[in-house]
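Worksheet: the structure to be examined is printed underneath.
Laboratory data are not the source of any read-out in this text; all were calculated from the coordinates shown. What you are looking at is a predicted structure, and each value in this text was computed from that prediction instead of being measured. A quick note on method: Cβ atoms are made from the backbone with ideal geometry, for glycine too, and the neighbour counts reach across all protein chains shown.
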Amino acid sequence: MKSVYGSGKITLTTSAGSVTFDSASIRPKPVGLPKLPEGMTRWGRPESADDTTKVNHARALGGMSPDRDTLLKAVSILLPVNEDASVRLAVYAGGQLEGGPHAASSAKLLFDFGQTPTGQTGWNTLEHPTGIRIPANTPIWLAWKSSGGNAQVAFFKDRAGPSNFQPHRGRWDSKAIKPNAAEPWPRIWPANDAGEFDSFEYSCFLTLAPMKR
């Protein structure tokens with residue numbers, strides 16, 4: 001067996017021949033998106049990222065909602081690795097994109113989607129039974145949390161690429177919300193949250209439908 005330090009490559013040689021493994025060989029493979037129902041759109045970052053991190057936190061990504069009222073029909077998150085774990089998803093509206101979901105008037109819970117199926121890998125999608133209104137031109141936050149098992153969410157190390165999340169900040173890491181997936185999300189984001197932004201974005205999005213007039 002031979003390896004070159006820092007290269008990520010390992011070569012195994014036997015009398016039958018040799019084979020080389022590199023870091024690309026063990027990266028999660030791109031996962032196809034769930035089918036998009038007719039007339040609906042995806043809002044967020046509906047792409048498969050290469051890197052993963054264990055969900056042992058409560059985090060959220062924020063962005064400005066569309067300039068017209070829409071219906072929130074579903075929420076999706078990519079879990080390339082999932083060993084007997086689940087992640088709880090929710091969507092909030094309010095707060096400030098510059099300050100966080102707790103800033104100014106704290107964000108209010110639009111809907112707690114509950115937990116993803118235990119151990120399910122790939123794109124996990126949870127649906128609203130009828131659809132819930134998202135107000136136009138309002139900060140909205142796609143939130144996820146977990147602390148048990150080994151569920152890993154896909155993330156981007158930089159924010160390059162098409163995204164509906166705010167361009168100047170990445171995810172909000174909450175210090176006020178317990179990351180227990182079995183516990184419901186609070187109705188109002190805690191005003192005393194001492195969390196912080198970081199530059200990363202994640203593979204997650206909302207499925208939206210137009211409001212009927």
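Sort out for me the Cα centre separation of segment 131-194 from segment 34-75, rounded to whole Å. Distance between centres, Cα-based: 10 Å.
Applying the criteria of a DSSP loop state and at most 15 other Cβ atoms within 10 Å to the trypsin sites (Lys or Arg not before Pro) of segment 160-205 yields Lys175, Arg187. The string of couplings for segment 43-50 from the Karplus curve (6.51, -1.76, 1.60, θ = phi - 60°) is 10, x, 10, x, 10, 8, 7, 7 Hz, one whole number per residue in order, with x for Gly and Pro.
Dividing the summed helix terms, -39500 (n - 2.57) for each DSSP H run of n ≥ 4, by the number of residues in the chain produces a 222 nm estimate of -500 deg cm²/dmol to the nearest 500. The aspartates and glutamates within cross-link reach of Lys73, meaning a Cα-to-Cα straight distance under 13 Å and a gap of 8 or more places when in the same chain, are Glu38, Asp112, Glu127. Remark on Phe113: its backbone amide H falls under 5 Å from those of Leu89, Ala90, Val91, a criterion applied only to residues 5 or more positions apart or on other chains, H modelled at 1.01 Å from N. Within the listed set Ala104, Ala90, Ala154, the residue fluctuating most in the Gaussian network model of the chain (springs between alpha-carbon atoms under 10 angstrom) is Ala104. In terms of its C-alpha gyration tensor, segment 36-210 has a rounded overall shape, because the principal axis ratio a/c (a ≥ b ≥ c, square roots of the eigenvalues) stays below 1.5.
Entry note, the chain: relative contact order of 31 percent, from Cα contacts under 8 Å with a spacing of 6+ residues. Amide H contacts for Ala176 (H built 1.01 Å from N in the peptide plane; partners 5 or more residues away or on another chain; cut-off under 5 Å): Ala194, Gly195. Straight-line cross-link reach from Lys2 at under 16 Å between alpha-carbon atoms covers these aspartates and glutamates, not counting any fewer than eight positions away in the same chain: Asp22. Evaluated with a Cβ-only charge set (Lys, Arg +1; Asp, Glu -1), the chain carries a dipole of roughly 240 debye about its Cα centre, given to the nearest 20.
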